[in-house]
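Peer 1: Following this message is one structure expressed as structure tokens.
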Amino acid sequence: MRIPSRRPHHSWSWTGAACAGFLALAVPALLAPNSSGAAPARAASHPSSPASLVLDGQVKHPLRLAADELRRLPATRLDISFQGEHGVEKATYTGTLLWILLKRAGGLDAAGKREDLRHTMTITGRDGYAVVLALGEIDPDFGGRAAMIAYARDGRPIGAGELRLVIPGDKHGGRDVRDVVRIEVR
């Protein structure tokens, strides 16, 4: 798990109590059954497997998209800058907005007024690293954050067809997920 340093020029470390507390909260959440009652899907760890993305959970039409299918969806280019472990990282990413992916999956499979304000997306990388975003954060009518699944950095493919979550405006890159394989809407 990558943990960004919050203090410049100092390494961040866990105390025994903090580590135990974090693990007591984080591990059950990551291993909890998903909305269908099944254990969370684990991606194959074979490094040469083609990049693909699953979007499931509380959506009307779950999706499985290969990286080349993602490239055929409406693209957005974003200039991203954040404080990384070795200084400021700057790049131009190209990809598909999370909001567009949610709409492609038919939207939320929930009835009610402004349901998107009480649901979340869990974005998970091949290594198990996961972050959670509130749908209201990316809803164009509310937060309007242009969070996206990127497939290119500075005009070149990321890794071996790797997909990456990037979120403009974050001061640190801790919510950037590398090698995204799953988005679950809860």
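Peer 1: Fewest Cβ neighbours within 10 Å first, please rank SER81, SER52 accordingly. Mind dumping the intermediate values first?
Peer 2: Details: SER81 14, SER52 19.
Lowest count first: SER81, SER52.
Peer 1: If you take all C-alpha pairs in segment 50-185, what percent of them are over 21 Å apart?
Peer 2: Numbers: 3341 of 9180 pairs.
When every Cα pair of segment 50-185 is considered, 36 percent fall beyond 21 Å.
Peer 1: Quick check on packing: order 177-184, 162-169, 86-93 by the mean number of other C-beta atoms within 10 Å, highest mean leading.
Peer 2: Numbers: 177-184: 22.5, 162-169: 20.1, 86-93: 12.1.
The most tightly packed comes first, giving 177-184, 162-169, 86-93.
Read the figures in this text as sums done on the coordinates, not as results from a lab. Predicted, not measured: the structure shown is a model, and the values here were computed from it. Ideal geometry is used to build each Cβ from the backbone, glycine not excepted, and the neighbour counts take in all protein chains shown.
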